[in-house]
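Asks: Can you read through this structure? Questions will come right after.
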Amino acid sequence: MTIAPQDWQAAITAINSAEQAVVTCHLHPDGDALGSALALHGALVKAGRSAVVSFSEPFEVASQYRFLPGVERLTPPGEVPATPEVLVCFDTGSLDRLGSLAGAFKSARRTVVIDHHASNTRFGDVNLIDPTAPASAVLCRELLRRLDLPIDQEIATNLYTALVTDTGRFQYQSTVPSTHLLAAELLAAGVKQYEVAKAVFETNDIRYLRLLSGVLGRISQVPEASLVWTSVTLEDLKAHGIGMAATEGLIDLVRTDGASDVAAVLKEQPEGGFKVSLRSKGATDVAEIAGRFGGGGHALAAGFTSERDSAATVDAIVDALAAQRATARDQATNGGPGDGASSRTTPSPAVSRR
């Protein structure tokens, strides 16, 4: 791990010195964010410590994660202490990603940010950031070890779910030998891996399957950009009676297009604009693309929020892809940064981090 020993110690001191810990993660939590938060919360409670676990409005757990142990102990964000002694957040790249809990974070006596995104803005008092980790769950497991908190079947199930989702069932490039060693440890602790797989990957609402027919029916390729994309509109959701949380796995279908390196899914937001998910098969750094628009993530998985319409958003992505590839060609030719390198730190005014 790339985290300094003094940073681990600072996190341990902050957590152990608090009478009550607040544990949270980014809004619209995925498996890694929610699983890691529930794992730390469960370990603290089982050790007799006072702890609260929550996440921002919209306060809704995606259906595939409702089996996770401890979900029933989630506290609505409006009931979270306004001035926590310590607030620990997982998988959260920037303060705004905490949504309605950003105020509690700013008011907390001590804050600990635990994340594996290279684009993390290090907004905590203590920042445990390791971009080489395949999931925040890896860092959560190490934190539990350093806190001398044991894991049982329930905690292991949360960690395993976090790990298996963020590694794409151990198929993404971030998966390394130690990833499988951690999975083995969690299985030995009693995780029923097929029950996790069935809940997360093999169970869909029929309404979502019907929505797919329309969303995949309008999928489009931009061959010159090696891009494939589609969108989910609010009208789609209304027509099928489901929420946007049900579409989390859509990007994994879109990215299977054999002709494209980059996949994008645009999800229309109630307040306007689109939340954009990006994936790369390896030839493109989509974190750099998202960063041009104020977003972030990993080289192979990233996202941003656009205030433009869908056509203009796709045009902006295509332009960003062209600029990145031109920069790469320039670097290959001249052996140094190209003229386009500065665009990495200049977000477009029409988009923002979400």
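The values are calculated or read from the model by the stated rules, or taken from the named source; none is laboratory data. Predicted model only: the values in this text are computed from it and were never measured. A quick note on method: Cβ atoms are made from the backbone with ideal geometry, for glycine too, and the neighbour counts reach across all protein chains shown. Each accessible area value is taken on the protein alone, full model and side chains, heavy atoms only, with ligands, DNA and RNA left out. Shrake-Rupley method; radii C 1.70, N 1.55, O 1.52, S 1.80 Å.
Asks: Could you calculate the FRET efficiency of Phe201 with Asp152 from 1/(1 + (r/R0)^6), where r is the beta carbon distance between them and R0 is 30 Å, rounded to 0.05?
Replies: Details: r = 24 Å, r/R0 = 0.80.
Calculated value: 0.80.
Asks: Still on this structure, I have one more. Show Met244, Met1 ordered by accessible area, largest first, where the area counts protein heavy atoms only and the probe is 1.4 Å.
Replies: Working: Met244 45, Met1 120 Å².
Descending order: Met1, Met244.
Asks: What is the helix-to-structure angle for 177-188, meaning the angle in degrees between its Cα long axis and the longest Cα principal axis of the chain, kept from 0 to 90 and rounded to the nearest 10?
Replies: 50 degrees
Asks: Also: If one takes the longest principal axis of the Cα atoms in the chain, at what angle in degrees, from 0 to 90 and to the nearest 10, does the Cα axis of helix 136-146 lie?
Replies: Around 20 degrees separate the two axes.
Asks: What FRET efficiency comes out for Ala328 versus Arg218 if R0 is 45 angstrom and r is the Cβ-Cβ distance? Round to the nearest 0.05. Mind dumping the intermediate values first?
Replies: Numbers: r = 31 Å, r/R0 = 0.68.
Approximately 0.90, to the nearest 0.05.
Asks: Would you kindly derive the ³J(HN,Hα) couplings of segment 28-36 from the backbone phi angles with the Karplus curve 6.51 cos²θ - 1.76 cosθ + 1.60 (θ = phi - 60°), listing them in order in whole Hz, with x for Gly and Pro?
Replies: In residue order, the calculated couplings are 6, x, 8, x, 5, 5, 5, x, 5 Hz.
Asks: Hey, another quick one. Is the shape of segment 122-185 best called rounded, prolate or oblate, per the rule: a/c under 1.5 gives rounded, else a/b larger than b/c gives prolate, else oblate, with a ≥ b ≥ c the square roots of the Cα gyration tensor eigenvalues? Before the final figure, lay out the partial values.
Replies: Numbers: a/c = 1.92, a/b = 1.10, b/c = 1.74.
In terms of gyration-tensor shape, oblate.
Asks: Only helical DSSP H runs with n ≥ 4 go in: add -39500 (n - 2.57) per run for the chain, normalise by residue count and round the 222 nm mean residue ellipticity to 500 deg cm²/dmol. Don't jump to the answer; show the numbers that get you there.
Replies: Details: 12 runs with 135 residues, N = 354.
It lands at -11500 deg cm²/dmol.
Asks: Mind running the shape call on segment 8-141? Use the C-alpha gyration tensor, a ≥ b ≥ c as the square roots of the eigenvalues: rounded below 1.5 for a/c, prolate if a/b tops b/c, oblate otherwise.
Replies: On the way: a/c = 1.20, a/b = 1.05, b/c = 1.14.
Rounded shape, in that the Cα axes give a/c under 1.5.
Asks: Still on this structure, please answer the following. Rolling a 1.4 Å sphere over the protein heavy atoms, what is the accessible area per residue of segment 131-213, to the nearest Å²? Walk me through the intermediate numbers first.
Replies: Values: 4070 Å² over 83 residues.
Per-residue accessible area for segment 131-213 comes out at 49 Å².
Asks: Return the ratio Rg/(2.2 N^0.38 Å) for segment 232-280, where Rg is computed over Cα atoms only. Walk me through the intermediate numbers first.
Replies: On the way: Rg = 11.7 Å, N = 49, 2.2 N^0.38 = 9.7 Å.
Normalised by 2.2 N^0.38 Å, the Cα Rg of segment 232-280 equals 1.21.
Asks: How do Val138, Val88 rank by accessible surface area computed with a 1.4 Å probe, from largest to smallest?
Replies: On the way: Val138 25, Val88 0 Å².
Output order, biggest surface exposure first: Val138, Val88.
Asks: Relative to the longest principal axis of the chain, what angle (0 to 90°, nearest 10) does the C-alpha long axis of helix 310-334 take?
Replies: Tilt of helix 310-334: around 90 degrees.
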